[in-house]
Amino acid sequence: MTMKHFGPTRLDSMLIPEIARQWGTPVYLHDQAYIESSCEQLLNMPNAFGLHVRYAMKANSDRTVLRVVTNKGLDLDCSS
């Protein structure tokens with residue numbers, strides 16, 4: 001697995017107030033391509049023991065994020 005550095009998402013300073021007006025605050029932005037890439041990297045790791053990659057739902061229970069990770073083939077860990 002190769003490490004890739006993804007820098008912070010940059011937003012135009014004029015766009016931030018518009019997003020806040022439209023959606024309210026706080027606003028959380030997620031990079032779907034980054035999440036999908038991370039899922040693919042995890043799923044492509046050598047797996048000699050039949051392990052399943054699970055996403056800890058308590059890390060972020062946003063429905064859209066959960067949909068992205070499950071669509072990529074990860075299982076959800078829903079317990080504490």
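Take ASP31 and decide whether it is of a type in the set (D, E, K, R), under 28 Å from LEU15 (Cβ atoms) and surrounded by 10 or more Cβ atoms within 10 Å (Cβ to Cβ).
yes
Within the stretch 11-40, how many residues turn out to be under 19 Å from ARG54 (Cβ atoms) and of a type in the set (A, V, I, L, M)?
1
Name every residue in the stretch 62-80 that is loosely packed, with under 10 Cβ neighbours inside 10 Å and in a helix (DSSP H, G or I), in order of residue number.
ARG63
Within the stretch 4-20, is there a residue that is modelled with pLDDT of 85 or more, assigned to a loop (DSSP other than H, G, I, E, B) and not polar (S, T, N, Q)?
Among the residues of the stretch 4-20, not one is modelled with pLDDT of 85 or more, assigned to a loop (DSSP other than H, G, I, E, B) and not polar (S, T, N, Q), which makes the answer no.
Residues checked against (1) surrounded by fewer than 10 Cβ atoms within 10 Å (Cβ to Cβ); (2) at pLDDT 90 or above; (3) of a type in the set (A, V, I, L, M); (4) under 22 Å from SER79 (Cβ atoms):
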site: PRO26; (1), (2), (3), (4): yes, yes, no, no
site: GLU40; (1), (2), (3), (4): no, yes, no, no
site: GLY50; (1), (2), (3), (4): yes, no, no, yes
site: ASN60; (1), (2), (3), (4): no, yes, no, yes
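The values are calculated or read from the model by the stated rules, or taken from the named source; none is laboratory data. All values derive from a computational prediction rather than experimental measurement. For neighbour counting, all protein chains shown are included, and Cβ atoms are generated from backbone atoms with ideal geometry for every residue, glycine included.
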